[in-house]
Amino acid sequence: MNTYGMGRWARGAVIATSAILVLGVQAQVIDFSGTRGAGVNKTDVLLENLRLQVPVANPQQPGTTTLVESNYNVLFRFDPVTLHLVPVGLQQTGGAGAVPCAAAQVTVFDALRGANQPLPNASVTLGTRTATTNAQGVASFSGLAQGFFTVAATAANYASASQTVLLSCSATNQVAVALSPASGGLGGLAAGQFRTILTWVENPRDLDAHMTGPSAGDAARWHVYHGAKTGGDMCALEVDDTSSYGPETVTCPPTASTGTTATTLRPGVYRYSVHHYAGAGSLGTSNANVRLELSNGQSYTFTPPAGPYTGTNNVWTVYELTVLSNGAVSVAPVNAVAQGVSSGSVARQMPIVEGSSLGLSESPALFINLVK
């Protein structure tokens, strides 16, 4: 899986090794055997579950020591000049001195049915902890440190997924993860399809998914959103959430249950955007997660770039996916933010030449006066 903030990172890498640092007369062991690497955004990557073992002298038994273990997450920032990862943050997550002040509830949904079908008995891993979802699809965690963690969810007959979350200690952290069915008969991706899944936290209350794409001939680009869930007959908004968390799910071509007849993607540029329609906070504070899934099993994860955000009527253009005439697909991150526009201004009117003009944000001119 690939991860995008405004750039690309590999996720889920496991480094199976350890290092020994000799400081004075005592040896400190840094153990990477259970460490995972996860992209956080454009510039940052998280190294999770680094174990530090420090020998501590036993006062009652001179000449002997006891190994005391602590766990850490380390945030690194990529330096494009030196091509080095530079440590910028250290968070202790376990052992003596850790502050276990955070709690989290992770709700796992079916990506095609949303809040109507939470998934019980799904396995959720948050950092180094694993829990099973209850009948309401919720896995609960407590005694966590604050900071960045990865959340991974798996369930029978569903494709697994993971994302990065930022936990705080001010209140129970609510996290939503939506899984795609693995079987084509239940809505799993068939050859040539792709799916985009948006989740976020309680605020803002309503984030909206928008997809635009190529029409036949020189016609204006079609626009799929809450007011035109199957516009253009190429994609469909299959889940529209208006009350926090998501998911909002767009599939191209649509799942057969939508009744749409398209079976093959038209060559051209497909552009995905997220609009802050209603609710407090901003896209920057929403912990929004956009996952693009391709039928070959490859996936990309996007998180909002650094603002500036002003609240409602901000639009985050996330990515462009280009389908060539031979069926080949390429993905380009956009991660552009527009302010003060309403959700009708997504579609660019000018035709886009195949294979060119990648990485363009949608024109604000069409985000005008759309209401639910």
Query raised in the report: Among all residue pairs at least 6 apart or on different chains, which show Cβ distances below 9 Å where the first residue, located in segment 273-286, is free of Cβ contacts under 8 Å to residues at least 40 places away in the same chain and the second is assigned to a loop (DSSP other than H, G, I, E, B)?
Result: GLY284/PRO304; GLY284/PRO305; GLY284/ALA306; GLY284/GLY307; GLY284/PRO308; GLY284/TYR309; GLY284/ASN314
Report task. May I ask you to verify whether GLY281 is farther than 26 Å from GLN117 by Cα, assigned to a loop (DSSP other than H, G, I, E, B) and at pLDDT 90 or above? Result -> yes
Query raised in the report: If we scan segment 49-67, do we find a residue that is on the phi > 0 side of the Ramachandran plot, open to solvent by 20 Å² or more (accessible area, probe 1.4 Å) and in a strand (DSSP E or B)?
Result: yes
Requested in this report: Taking THR303 as the residue in question, decide whether it is modelled with pLDDT under 95, open to solvent by less than 50 Å² (accessible area, probe 1.4 Å) and farther than 23 Å from ASN326 by Cβ.
Outcome: yes
Report summary line: If we keep only residues of segment 315-347 that are open to solvent by 40 Å² or more (accessible area, probe 1.4 Å) and assigned to a loop (DSSP other than H, G, I, E, B), then the residue modelled with the lowest pLDDT is GLY340
Requested in this report: Could you please find all residues in segment 200-236 being open to solvent by 10 Å² or more (accessible area, probe 1.4 Å) and part of a strand (DSSP E or B)?
Outcome: TRP222, HIS223, TYR225, ALA228
Query raised in the report: Take the residues of segment 18-48 that are assigned to a loop (DSSP other than H, G, I, E, B) and more than 20 Å from GLU69 (Cα to Cα): which is modelled with the lowest pLDDT?
Result: LYS42
Query raised in the report: Looking at GLY127, GLY137, which is the one that is within 21 Å of GLY37 (Cβ to Cβ) and touching a residue at least 12 places away in the same chain (Cβ under 8 Å)?
Result: GLY127
Query raised in the report: Among GLY114, GLY143, GLY137, GLY147, which is the only one that is closer than 18 Å to GLN92 by Cα and touching a Pro at 6+ places or on another chain (Cβ under 6 Å)?
Result: GLY143
Query - Criterion: at pLDDT 95 or above and either in contact with a Lys or Arg (Cβ under 6 Å, 6 or more places away or on another chain) or not in a strand (DSSP E or B) (or both) - qualifying residue of GLN136, GLN105 - result: GLN136
Requested in this report: Take segment 115-133 and flag every residue that is among the small types (Gly, Ala, Ser), in a strand (DSSP E or B) and either more than 23 Å from SER168 (Cβ to Cβ) or in contact with an Asp or Glu (Cβ under 8 Å, 6 or more places away or on another chain) (or both).
Outcome: ALA115, SER123
Query raised in the report: In segment 147-183, what count of residues is obtained for those that are open to solvent by 10 Å² or more (accessible area, probe 1.4 Å) and outside any strand (DSSP E or B)?
Result: 12
Requested in this report: Check off (1) open to solvent by 70 Å² or more (accessible area, probe 1.4 Å); (2) touching a Phe, Trp or Tyr at 6+ places or on another chain (Cβ under 7 Å); (3) modelled with pLDDT under 85 for VAL88 and give me the number that stays unchecked.
Outcome: (3)
Report summary line: Note on segment 185-223: residues over 23 Å from the mean Cα position of the chain (by Cα), over 22 Å from SER273 (Cβ atoms) and not hydrophobic (A, V, I, L, M, F, W, C) are GLY185, GLY217, ASP218
Requested in this report: Take segment 103-120 and flag every residue that is open to solvent by 20 Å² or more (accessible area, probe 1.4 Å) and closer than 29 Å to TYR72 by Cα.
Outcome: ALA103, GLN105, THR107
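The values are calculated or read from the model by the stated rules, or taken from the named source; none is laboratory data. For clarity, every value in this text was computed on a predicted model and none was experimentally measured. Heads up, the Cβs are rebuilt from the backbone with ideal geometry, glycines too, and the neighbour counts pull from every protein chain shown. These accessible areas exclude ligands, DNA and RNA; they are computed on the full protein's heavy atoms, side chains included. Shrake-Rupley method; radii C 1.70, N 1.55, O 1.52, S 1.80 Å.
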